[in-house]
Amino acid sequence: MDSDEYASRGRAEGQKVVKPTDVADPEYFHKVVDCQWACPAHTPVPEYIRKIAAGDYNAAYMINWESNVFPGILGRTCDRPCEPACRRGRLEEQPVAICRLKRVAADHKQDIAALLPPAPAQRNGRRVACVGAGPASLTVARDLAAIGYEVVVFDSDSRAGGMMRSQIPKFRLPDEVIDEEVGYALSTGGQFVAERRIDSLKGLAGEGYDAIFVGCGAPRGRNLEIPGRREAPGHIHIGIDWLASVSFGHVSSIGRRVVVLGGGNTAMDCCRTARRLGGAEVKVVVRSGFAEMKASPWEKEDAMREGVAILNFHAPKAFMHEGGRLTGVVFETMTAKKDERGRRLLVPTGGPDVLIECDDVLIAVGQENAFPWIESDAGVAFDRDGLPAVDAVTFQSSLPNVFFGGDAAFGPKNIITAVAHGHEAAISIDAFCQGQDPRLRPDPLTNLVSQKMGIHEWSYDNDITLDRRFQVPHVENAVALKNIETEVELGFDLIQAVGEAQRCLNCDVQTVFSAPLCIECDACVDVCPIDCISFVANAPEDELRHSLNAPALNLSQAIYVSEPVKTRRVMVKDEDLCLHCGLCAERCPTGAWDMMKFTFEMAQAGHPCRSTP
C-alpha cells in the first residue's frame with residue numbers, strides 16, 4: 001500500500017493519521033541537515049567538516065568556495081545562522097564551531113588555483129554590468145563570467161570588496177584575506193573597474209549592457225537628529241562613514257572618552273576600533289536590554305573582553321556642548337513593559353536623566369539604502385521606504401534588465417545573505433539574457449547513497465565524541481590594542497581543528513528505514529542512545545508525537561513516519577535529537593535500516609562552479 005492509499009484509508013476511517021514521510025522529496029532530508037538548511041547559501045557543512053577532520057583542507061575549502069565564495073572572509077566574519085541551528089547545540093550548550101572551522105580550511109589549504117574553473121576561452125556575446133564590488137556583485141561576476149558572459153564590476157573605491165573592506169576592521173578581517181578571495185571570485189573572467197562611481201543608471205544602460213546588477217549595499221548610515229547634533233559636528237560621527245575613513249587611512253585617532261550609540265555589529269566594530277585609536281573609556285549605550293541587542297553574542301563578548309562598557313536601557317536625548325566642543329550626551333532611562341496585547345515595549349522610567357561625559361560620539365543606529373544615481377524616470381520603482389520593488393525570487397526590478405541583490409535589494413543583512421542573493425540573481429540574469437522566464441528556477445542537485453562498507457562498517461566516522469566546544473585563542477589585549485591591523489583571533493591550530501570537527505554529528509548521513517524488511521524485533525529501539533525510535537499505532541500528529549518513547553515536543557523538527565509494518569504499527573523517529581550514530585542500522589538483523597548520505601547542492605547559473613555528481 002503506497003503512502004497516498006494509506007492516508008486515504010485513514011481519512012476514510014475518520015482518522016487524520018500522519019502520512020508516511022516521503023524521503024524521495026529532497027526538501028525533507030535537506031531540512032534535517034539543520035546547518036545547511038539555515039545557511040542562506042546552503043553550504044554543505046558536514047561534508048566540509050569531514051574533510052577537515054581527514055586533513056584534506058583543499059577539498060574543504062573548495063566545498064565552501066563553490067557555495068559561499070568567500071570561505072576565508074566568512075570564516076572570520078559570518079553572522080553564523082548555521083550555528084544556532086546546529087543539532088549539537090540541542091544536545092548540549094554549544095553548537096559546533098562551524099564558522100571557525102571554515103577559517104581552518106582557508107588558513108591551511110595549499111595552492112588551489114588549479115581547482116578553480118578557468119575563464120572561458122570564448123565569450124557568449126552578452127554583457128553584464130555590476131554596480132558595486134561587494135559580495136553580491138562579486139558572486140554574480142564569478143557565476144556569470146564562468147559561463148561566458150562579459151561581466152564588468154564598477155566601484156568608486158580603488159580595491160574591490162565593498163563593505164567587507166571598508167566597514168569590517170582590519171583586526172577582524174585582514175586585507176590580504178580579502179585580496180585573495182576577491183581575486184578568486186574574479187578569476188573566472190570578471191573585470192574590475194576601480195575608482196569609477198556610477199552616477200546615472202540611464203547612462204550606464206546606454207553603454208550597451210544586456211543586464212545590470214545593482215549590488216551597491218546600504219551605504220548611508222542613519223543620523224540621530226536630537227538637540228545639539230549640529231552644534232559640535234566635528235566630534236559626532238556616523239559609524240559606517242567613520243569606519244570607512246579609518247579603513248582607508250583618513251582617520252587615525254579619536255578622543256579619550258568615546259560614546260557609541262547603537263547595539264548592532266557596526267556598533268561593536270566602532271567601539272573596538274575606538275579602543276585602538278586612543279579611546280581609553282569607551283561606552284556602548286543602547287536603548288534596549290542586553291539580550292535584545294542586534295549584535296551577535298560573540299561580538300558583544302569580544303568588545304567587553306577589550307574593556308568596552310555596555311550600558312543598556314538608555315535612550316539619547318541631547319548632545320551637550322560648550323563653545324562648539326562636545327562635552328557629553330544626556331540619556332533618558334528606559335524599562336521594558338508589555339502592553340495589553342502582550343507586546344514588549346520600551347518606556348521611560350520617569351527617573352532623572354543621565355549625563356555621560358565624552359569627547360567623541362559614534363552613531364551606529366542603522367543603515368539606509370540610497371540610490372541618488374537612479375533617475376526617477378529610469379523605470380525602476382521604489383517603495384515608500386526607498387527600497388527598490390524587487391521580486392523576492394528572481395531579484396528582478398520593475399525594469400526587466402535591472403536586478404538587485406545584497407543590502408541594496410532588501411536592506412542591510414550580512415555577507416552570506418548577499419552571496420545567496422548573488423547566486424540567485426545570476427540565474428535570473430542568465431535566463432533573462434537567454435530569453436527565458438527567470439521565475440523558472442533550476443532544481444538543486446540531490447543524491448542519496450548508502451554508506452555501508454560492511455555488515456557493521458560505514459564510510460564515515462560515526463563515533464560520538466563527548467568533547468565540549470573548543471575555544472578559539474585570541475591575542476592578548478596588551479598586544480591587540482596597540483595596532484589596529486593586528487588580527488585578534490588566531491584561529492584553531494590543527495589539533496583543536498580536528499577535535500572540533502569531530503564534534504559534528506554528520507547530520508547529512510540519514511537514517512533510512514524500509515518497512516517491508518522490518519521484523520519488529522525492536523533491536524533498534526533498544527540500542528538507540530536517546531530513545532528517538534518508536535513503533536506505535538498511527539494517529540493524528542499531536543497524539544502521535546506524545547505517544548513516542550520520548551515524546552517529540554519540538555514542533556519545528558519533523559518526525560519520520562514509515563509505511564505500516566507487519567503489525568500495522570508505524571515506525572516513528574524524532575528527527576530533533578537523532579545523533580546519526582548508525583547504531584540502529586548496525587544492530588538491525590535484516591537491513592531494514594541503512595545510513596545514506598544525502599547530498600544537496602543549490603543550482604547556479606550554468607553550474608560551472610559546482611562539483612559534479
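The values are calculated or read from the model by the stated rules, or taken from the named source; none is laboratory data. Note that this is a predicted model, so its numbers are computed, not measured. Glycine gets a Cβ as well: all are built from the backbone with ideal geometry, and neighbour counts include every protein chain shown. These accessible areas exclude ligands, DNA and RNA; they are computed on the full protein's heavy atoms, side chains included. Shrake-Rupley method; radii C 1.70, N 1.55, O 1.52, S 1.80 Å.
Can you confirm whether Asp437 is under 30 Å from Gln396 (Cβ atoms), in contact with a helix residue (DSSP H, G or I) (Cβ under 7 Å, 6 or more places away or on another chain) and open to solvent by 40 Å² or more (accessible area, probe 1.4 Å)?
Values: under 30 Å from Gln396 (Cβ atoms): yes; in contact with a helix residue (DSSP H, G or I) (Cβ under 7 Å, 6 or more places away or on another chain): yes; open to solvent by 40 Å² or more (accessible area, probe 1.4 Å): yes.
Yes; evaluated as a whole, the condition is true for this residue.
Can you find even one residue in region 406-417 that is more than 23 Å from Asn68 (Cα to Cα) and open to solvent by 40 Å² or more (accessible area, probe 1.4 Å)? If you could, list the steps in order and put the result at the bottom.
Quick first cut of region 406-417, residues more than 23 Å from Asn68 (Cα to Cα) only: none.
No, region 406-417 contains no residue that is more than 23 Å from Asn68 (Cα to Cα) and open to solvent by 40 Å² or more (accessible area, probe 1.4 Å).
Could you tell me whether Val246 is part of a helix (DSSP H, G or I), under 27 Å from Glu357 (Cα atoms) and open to solvent by less than 40 Å² (accessible area, probe 1.4 Å)?
yes
From (1) under 30 Å from Cys584 (Cβ atoms); (2) within 24 Å of the chain's Cα centre (by Cα); (3) open to solvent by 50 Å² or more (accessible area, probe 1.4 Å), pick out the condition that doesn't hold for His456.
(2)
Residue pairs, Cβ under 7 Å, 6 or more apart or interchain, first in region 391-412 and at positive phi, second aliphatic (A, V, I, L, M). List them.
These pairs meet every condition: Phe395/Ala409; Phe395/Ala425; Gly406/Ala136; Gly406/Ala418; Gly411/Ala218; Gly411/Leu387.
Counting just the residues of region 196-243 that are small (Gly, Ala, Ser) and closer than 21 Å to Gly324 by Cβ, which one comes out surrounded by the fewest Cβ atoms within 10 Å (Cβ to Cβ)?
Here is the first cut: in region 196-243, the residues small (Gly, Ala, Ser) are 200, 203, 205-206, 208, 211, 215, 217-218, 221, 228, 232, 234, 239.
Adding the requirement that they be closer than 21 Å to Gly324 by Cβ leaves 228, 232, 234.
Values: Gly228: 18, Ala232: 19, Gly234: 9.
Ranking the candidates gives Gly234 first.
Can you run down the residue pairs with Cβ atoms below 8 Å, 6 or more apart or on separate chains, where the first is in region 444-463 and over 15 Å from Cys507 (Cβ atoms) and the partner is modelled with pLDDT under 85 and exposed (fewer than 13 other Cβ atoms within 10 Å of the Cβ)?
Leu445/Pro613; Asn447/Pro613; Ser459/Met453
Among the residues of region 419-474, write down those that are under 22 Å from Asp594 (Cα atoms) and assigned to a loop (DSSP other than H, G, I, E, B). Explain how you work it out, then say what you get.
The first filter runs over region 419-474 and keeps only residues under 22 Å from Asp594 (Cα atoms), leaving 445-465.
Listed by number, the residues that qualify are Gln451, Ile455, His456, Ser459, Tyr460, Asp461, Asn462, Asp463, Ile464, Thr465.
Looking at region 493-587, what helices (runs of 4 or more DSSP H) fall wholly within it and have at least 2 residues that are surrounded by 23 or more Cβ atoms within 10 Å (Cβ to Cβ)? Outline the logic, then answer.
Values: elements: 494-501, 523-527, 541-546, 583-587.
Answer list for region 493-587: 494-501, 583-587.
Let's see how each residue does on (1) closer than 30 Å to Arg257 by Cβ; (2) open to solvent by less than 70 Å² (accessible area, probe 1.4 Å); (3) not in a strand (DSSP E or B):
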{"residue": "Leu346", "(1), (2), (3)": "yes, yes, no"}
{"residue": "Gly351", "(1), (2), (3)": "yes, yes, yes"}
{"residue": "Leu362", "(1), (2), (3)": "yes, yes, no"}
{"residue": "Phe371", "(1), (2), (3)": "no, yes, yes"}
{"residue": "Ser376", "(1), (2), (3)": "no, no, yes"}
{"residue": "Val380", "(1), (2), (3)": "no, yes, yes"}
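Where the second residue is modelled with pLDDT under 95 and aliphatic (A, V, I, L, M) and the first is more than 14 Å from Pro44 (Cα to Cα) and lies in region 75-97, which pairs have Cβ atoms under 7 Å and are six or more apart or on separate chains?
Pairs found: Arg90/Leu577; Leu91/Leu577.
Wholly within region 277-340, which strands (runs of 3 or more DSSP E) include no fewer than the required count, namely at least 1 residues that are open to solvent by 40 Å² or more (accessible area, probe 1.4 Å) and farther than 26 Å from Gly228 by Cβ? Break it down stepwise before answering.
Numbers: elements: 281-285, 309-311, 314-322, 325-338.
In region 277-340, the matching strands (runs of 3 or more DSSP E) lie at 325-338.
All but one of (1) β-branched (Val, Ile, Thr); (2) surrounded by 21 or more Cβ atoms within 10 Å (Cβ to Cβ); (3) within 27 Å of Pro372 (Cβ to Cβ) hold for Val193; which doesn't?
(2)
When the residues of region 459-484 are narrowed to those that are among the aliphatic types (A, V, I, L, M) and in contact with a strand residue (DSSP E or B) (Cβ under 9 Å, 6 or more places away or on another chain), which ends up least open to solvent (accessible area, probe 1.4 Å)?
Of the residues in region 459-484, the ones among the aliphatic types (A, V, I, L, M) are 464, 466, 472, 475, 478-481, 484.
Now restrict to residues that are in contact with a strand residue (DSSP E or B) (Cβ under 9 Å, 6 or more places away or on another chain): 472, 475, 480.
Details: Val472: 27, Val475: 29, Ala480: 0 Å².
Ranking the candidates gives Ala480 first.
Report whether or not Leu224 is assigned to a helix (DSSP H, G or I) and either aliphatic (A, V, I, L, M) or modelled with pLDDT under 95 (or both).
Numbers: assigned to a helix (DSSP H, G or I): no; either aliphatic (A, V, I, L, M) or modelled with pLDDT under 95 (or both): yes.
It is false that Leu224 is assigned to a helix (DSSP H, G or I) and either aliphatic (A, V, I, L, M) or modelled with pLDDT under 95 (or both).
Does Asp430 satisfy being surrounded by 14 or more Cβ atoms within 10 Å (Cβ to Cβ) and within 24 Å of Ala38 (Cα to Cα)? It would help to see each step written out before you state the result.
Numbers: surrounded by 14 or more Cβ atoms within 10 Å (Cβ to Cβ): yes; within 24 Å of Ala38 (Cα to Cα): no.
So Asp430 does not fit the description; no.
Which residue out of Ala114, Ala119 is surrounded by fewer than 24 Cβ atoms within 10 Å (Cβ to Cβ) and not in a helix (DSSP H, G or I)? Can you show your working first?
On the way: Ala114 fails: not in a helix (DSSP H, G or I).
Only one candidate passes the filter, namely Ala119.
Out of Ile178, Ile198, Ile226, report the one residue that is touching a residue at least 12 places away in the same chain (Cβ under 8 Å) and more than 30 Å from Pro71 (Cβ to Cβ).
Details: Ile178 fails: more than 30 Å from Pro71 (Cβ to Cβ); Ile198 fails: more than 30 Å from Pro71 (Cβ to Cβ).
Step by step, each of Ile178, Ile198, Ile226 is checked, and only Ile226 is touching a residue at least 12 places away in the same chain (Cβ under 8 Å) and more than 30 Å from Pro71 (Cβ to Cβ).
Conditions (1) in contact (Cβ under 8 Å) with a residue 40 or more places away in the chain; (2) within 30 Å of Leu277 (Cβ to Cβ); (3) not polar (S, T, N, Q), marked per residue:
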site	(1), (2), (3)
Gly132	yes, yes, yes
Ala185	yes, no, yes
Gln191	yes, no, no
Gly217	yes, yes, yes
